[in-house]
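Below: one structure, written as structure tokens.
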Amino acid sequence: LPVIGVMALQGDVREHIHALEASGAHAVAVRRERELAGLDGIVLPGGESTTIDKLLRAFELFEPLRAAIAGGLPTYGSCAGMILLADRLIDGIEGQRTLGGLDVTVRRNAFGRQVNSFETDLVVDGTPDAPQRPVHAVFIRAPWVEETGDGVQVLARVPSGEAAGRIVAVRQGEVLATSFHPEITGDYRLHRMFVEIVAGHH
Ligand code: GLN
């Protein structure tokens, strides 16, 4: 089985581990640089990107993780994880850094106060059974992708409402990111898609 790490500094770590195990991978929590060794891929869970940024530095994981992603380690970032993957960030706090690896501009807390948190059904290109079976997407103070670079594939957009058309799932090579949290819905097709990306990488 492919071995996939879950960055375990904050957020839905156990849910991601469970989702990955249910999707044909062996999942391990990662808190230390040495735990990056031997991974076939890594998941960056949601949480609070500003806090995760500080914890990454405190755990001396920022630079090794940045280098691993830049070196081609397949990576899936959800919500705050999407923010961490962004090469360019709008509305970060002063001094906030990202790991980068995804040629996109991400807007943090993009959906604003009215719709801080919401749920919707989305067609996500590339998930098993798309487009017949949409993914139920849960957004919690979520970012969106404001701009994509040339090599970036848009997998999903908000279907309706004020934010209609906004990009909420993208892929660039072996890097996948979603604004929403598939680990909490019991529908693990996004995780399966990531495990397949990781497996195809061998
Ligand atoms: N708003 C959070 C941030 O800025 C992301 C929210 C989430 O991951 N659910 O990091």
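For segment 167-186, the set of residues classified as at pLDDT below 95 and more than 16 Å from the ligand (Cβ to nearest atom) consists of G186 only. Residue count for segment 167-202 satisfying the condition of being in a loop (DSSP other than H, G, I, E, B) and in contact (Cβ under 8 Å) with a residue 12 or more places away in the chain: 10.
Residues that are outside any loop (DSSP other than H, G, I, E, B) and either touching a helix residue (DSSP H, G or I) at 6+ places or on another chain (Cβ under 6 Å) or within 16 Å of the ligand (Cβ to nearest atom) (or both) do not occur anywhere in segment 147-166. Scanning segment 46-66 for residues that are under 23 Å from E174 (Cβ atoms), in contact (Cβ under 8 Å) with a residue 12 or more places away in the chain and away from the ligand (no atom under 15 Å from the Cβ) yields L61, F62, P64, L65, R66. So is A137 of a type in the set (G, A, S) and buried (at least 24 other Cβ atoms within 10 Å of the Cβ) or not? So A137 passes the test. A residue that is within 16 Å of the ligand (Cβ to nearest atom), assigned to a loop (DSSP other than H, G, I, E, B) and loosely packed, with under 13 Cβ neighbours inside 10 Å can be found somewhere in segment 116-130. Looking across segment 108-130, just one residue is touching an Asp or Glu at 6+ places or on another chain (Cβ under 8 Å) and farther than 13 Å from A163 by Cα, and that is R108. If you go through segment 67-91 and keep only what is under 16 Å from E174 (Cβ atoms) and either more than 11 Å from the ligand (Cβ to nearest atom) or surrounded by fewer than 17 Cβ atoms within 10 Å (Cβ to Cβ) (or both), you end up with A67, A68, I69, A70, G71, G72, L73, P74, T75, Y76, L85, D87.
Give the residue that is farthest from the ligand (Cβ to nearest atom), with candidates limited to residues of segment 94-104 that are in a loop (DSSP other than H, G, I, E, B) and surrounded by 24 or more Cβ atoms within 10 Å (Cβ to Cβ). So, considering only residues that are in a loop (DSSP other than H, G, I, E, B) and surrounded by 24 or more Cβ atoms within 10 Å (Cβ to Cβ), the one farthest from the ligand (Cβ to nearest atom) is G101. Within the span defined as segment 26-37, one or more residues are crowded, with 18+ Cβ neighbours inside 10 Å, in contact with a His (Cβ under 8 Å, 6 or more places away or on another chain), over 17 Å from G101 (Cβ atoms) and modelled with pLDDT of 95 or more. Do you know which of the residues in segment 131-146 that are among the aliphatic types (A, V, I, L, M) and part of a strand (DSSP E or B) is farthest from the ligand (Cβ to nearest atom)? The extreme case among them is V135.
The values are calculated or read from the model by the stated rules, or taken from the named source; none is laboratory data. All values reported here derive from a predicted model rather than from experimental measurement. Don't worry about glycine lacking a Cβ; one is built from the backbone with ideal geometry, like all the others, and counts go over all protein chains shown.
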